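Enquirer: This is the structure, below, for whatever I ask next.
The values are calculated or read from the model by the stated rules, or taken from the named source; none is laboratory data. Please read these numbers as outputs of a predicted model, since none were measured by experiment. Counting neighbours? That spans all protein chains shown, and the Cβs are built from the backbone with ideal geometry, glycine included.
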Amino acid sequence: MKTNGSAVVLVVGLAAAALCLSGYSIGASAAARGSAAAAATAAPLSKDERKVVLAGGCFWGMEAVFDDLKGVSNVVSGYSGGSKATAHYEMVSTGLTGHAESVQISYDPSKISFDQLLKVYFTVAHDPTELNRQGPDDGSQYRSEIFYTTEDQKKAVQEYIARLAHAKAFHDPIVTKVAPLDAFYPAERYHQHFVALNPNYPYVVFNDRPKLEQLRQKFPDLVKSAR
């Protein structure tokens, strides 16, 4: 039977999703590069910087989007919402640990506002109307959730979501959870900067690179680069 171009793209896309969902492990050389890149994940905050932890699907794409914003000094992929004992990729991937794949963002509020971060989060980084899933990824570990670190952040998030709901910005209800950050556990080193180190990995091509293009189109003044 003849297959048209659309069918081929669909099959490749589904194969890419399957690789991610099966907990595919990258090769040793890429993991080594990831280890080197992860050396910066423990960089201390400057006195003017703040942190927030955001969850919205696979952390690869979330990290790539926020890492390309001016005023953001560091983004770390990791796990929030569960215990330290189960903060490991293979365990989190079961969807039974309470964790969400998330990113810890260090930013300078004098260079990028918290509202600007929220705007990118809600309009580019993920779909806040998808419950316990994002795109091809299914499970509570892929939920939409904001883990605030201050009461000011909590208030800003609640007000922002209320504005979106009032404006009917989305066809479906926003399901984003809002919770205090109890702990953030950095993910394995090979997950850090995954998109930058593996730009041609099928899952990245179909799910993450389009987000980066959308970011540069919607917020050209906020991105670090125009690549």
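Table: residues versus (1) farther than 20 Å from A156 by Cα; (2) surrounded by fewer than 16 Cβ atoms within 10 Å (Cβ to Cβ); (3) touching a helix residue (DSSP H, G or I) at 6+ places or on another chain (Cβ under 6 Å); (4) of a type in the set (K, R).
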{"position": "V75", "(1), (2), (3), (4)": "yes, no, yes, no"}
{"position": "T86", "(1), (2), (3), (4)": "yes, no, no, no"}
{"position": "T94", "(1), (2), (3), (4)": "yes, yes, no, no"}
{"position": "K111", "(1), (2), (3), (4)": "no, yes, no, yes"}
{"position": "K119", "(1), (2), (3), (4)": "no, no, no, yes"}
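Enquirer: Restricting attention to region 121-143, and to residues there that are hydrophobic (A, V, I, L, M, F, W, C) and surrounded by 18 or more Cβ atoms within 10 Å (Cβ to Cβ), which single residue is farthest from G82 (Cα to Cα)?
Expert: V124
Enquirer: Exactly one of these conditions fails for V178: (1) free of Cβ contacts under 8 Å to residues at least 40 places away in the same chain; (2) closer than 21 Å to Q116 by Cβ; (3) in a helix (DSSP H, G or I). Give me its number.
Expert: The number of the failed condition is (3).
Enquirer: Of the residues Y185, Y203, which single one is in a helix (DSSP H, G or I), out of contact with any Pro (no Cβ under 6 Å at 6 or more places or on another chain) and of a type in the set (S, T, Y)?
Expert: Y203
Enquirer: May I pose another question? Those residues that are within 14 Å of H191 (Cα to Cα) and either of a type outside the set (D, E) or modelled with pLDDT under 95 (or both), I need them from region 58-83; list them, please.
Expert: Across region 58-83, the qualifying residues are C58, F59, W60, G61, M62, A64, V75, V76, S77, G78, Y79.
Enquirer: Give me the pairs, please: first residue somewhere in region 87-106 and farther than 30 Å from K70 by Cβ, second residue anywhere and charged (D, E, K, R) and assigned to a loop (DSSP other than H, G, I, E, B), beta-carbon distance under 7 Å, and either six or more positions apart or on two chains.
Expert: Y89/E188
Enquirer: Out of curiosity, is K155 without any contact (Cβ under 8 Å) to a residue 12 or more places away in the chain and either in a helix (DSSP H, G or I) or more than 14 Å from the chain's Cα centre (by Cα) (or both)?
Expert: So K155 passes the test.
Enquirer: Can you give me the number of residues within region 159-172 that are of a type outside the set (A, V, I, L, M, F, W, C) and either surrounded by 13 or more Cβ atoms within 10 Å (Cβ to Cβ) or under 20 Å from the mean Cα position of the chain (by Cα) (or both)?
Expert: Number satisfying all stated conditions: 1.
Enquirer: While we're here: Check K211 against each of (1) more than 18 Å from I105 (Cα to Cα); (2) in contact (Cβ under 8 Å) with a residue 24 or more places away in the chain; (3) among the basic types (K, R) and name the one condition it does not meet.
Expert: (1)
Enquirer: Right, next: Given the residues T97, T86, T41, which is the only one that is within 17 Å of the chain's Cα centre (by Cα), at pLDDT 50 or above and closer than 15 Å to E188 by Cβ?
Expert: Answer to the selection: T41.
Enquirer: Name the residues in region 132-143 that are among the charged types (D, E, K, R) and outside any loop (DSSP other than H, G, I, E, B), would you?
Expert: Across region 132-143, the qualifying residues are R133, D137, D138.
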